[in-house]
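Worksheet: the structure to be examined is printed underneath.
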Amino acid sequence: MECPHCHGVMVKERLYDVLENDGQPFVSGWRWGYRCVACGRISDWVVEQNWRIARRAVTADERTRNAEAGAARAMTPALALQKVILLN
């Protein structure tokens, strides 16, 4: 398997879920995942799912910001002046 980040070699590895109960860490379980030997990136279905959710949220936020920036750029000084005159 190839790392999507650096194109290094990914190795299969046990990933442990470490939780904390009253300040005491304990292993709640484990699952198989992949770790890149070059950059250390860890990939498994939970990590990939969280990346997809975060990417969707950022994309929606960026779309909103880009739309607002486009509307602000479209407002030239002449149009702004006309708008002020019409409102008064």
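Quick notes on this one:
- Residue identified as charged (D, E, K, R) and touching a His at 6+ places or on another chain (Cβ under 8 Å) among 31, 14, 41: 41
- Subset of segment 1-35 [over 15 Å from residue 45 (Cα atoms) and not in a strand (DSSP E or B)]: 5, 6, 7, 8, 22, 23
- The condition of being small (Gly, Ala, Ser), at pLDDT 75 or above and under 21 Å from the mean Cα position of the chain (by Cα) holds for residue 40.
The values are calculated or read from the model by the stated rules, or taken from the named source; none is laboratory data. No experiment lies behind these values; they were computed from the predicted model shown. As a convention, Cβ positions derive from the backbone with ideal geometry for all residues, glycine included, and neighbour counts pool all protein chains shown.
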